[in-house]
Structure formats: C-alpha cells, structure tokens
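Working notes for the structure below.
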Amino acid sequence: MMFDALAGAAPFIKNGQLIAVAVATSKRVDAFPNVPTAQELGISNFIVSSWYAMWAHPKISSTK
C-alpha cells in the first residue's frame, strides 16, 4: 500500500503495475473515472491535497 501523487503513479496504473484503490479527492479524477473516492468507500473526511514549494534565504538572487 502506498500514497502517491497521481502524476507519478498514473503511468504505472495505466500499464497495470499498480492498482488504484481510491483517490483522496472530493470527486473522482477524470483520468481514472472507475477509481472511487475514499469517501465513496466509506472513509469520511479523507481529502488530501499536495503542493510543492522551494524555500531559500531572502538574500538569494535569481539572477547573476
């Protein structure tokens, strides 16, 4: 069992190396309409989102 971002797992789901049991979003994902949400499976209030950020010291310059 694992939790992963859909972008990284999608190719493996499509080629059959992974089986998607559920998505942790409020509605089904268009790319995988047959995969239910966790809420549909009876796990209430299980909605997860992810985000990425880069942190740096304020004196770091993006130009040279």
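The values are calculated or read from the model by the stated rules, or taken from the named source; none is laboratory data. Just so it is clear, the structure is predicted and the values come from calculations on it, not from any experiment. Note: ideal-geometry Cβ built from the backbone for every residue, glycine included; neighbour counts use all protein chains shown.
What's the total number of residues in the range 8-64 that are surrounded by fewer than 15 Cβ atoms within 10 Å (Cβ to Cβ) and of a type in the set (A, V, I, L, M)?
Number of matching residues: 13.
When the range 3-61 is examined, which residues are found to be acidic (Asp, Glu) and at pLDDT below 95? If you could, list the steps in order and put the result at the bottom.
First, the residues of the range 3-61 that are acidic (Asp, Glu): 4, 30, 40.
Of everything in the range 3-61, just one residue is acidic (Asp, Glu) and at pLDDT below 95, namely ASP4.
Here is a yes/no grid of residues against (1) touching a strand residue (DSSP E or B) at 6+ places or on another chain (Cβ under 8 Å); (2) in contact (Cβ under 8 Å) with a residue 60 or more places away in the chain; (3) not charged (D, E, K, R):
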position: MET2; (1), (2), (3): no, no, yes
position: LEU6; (1), (2), (3): yes, no, yes
position: PRO11; (1), (2), (3): no, no, yes
position: SER26; (1), (2), (3): yes, no, yes
position: PRO36; (1), (2), (3): yes, no, yes
position: ILE43; (1), (2), (3): no, no, yes
position: VAL48; (1), (2), (3): no, no, yes
position: TRP51; (1), (2), (3): no, no, yes
position: LYS59; (1), (2), (3): no, no, no
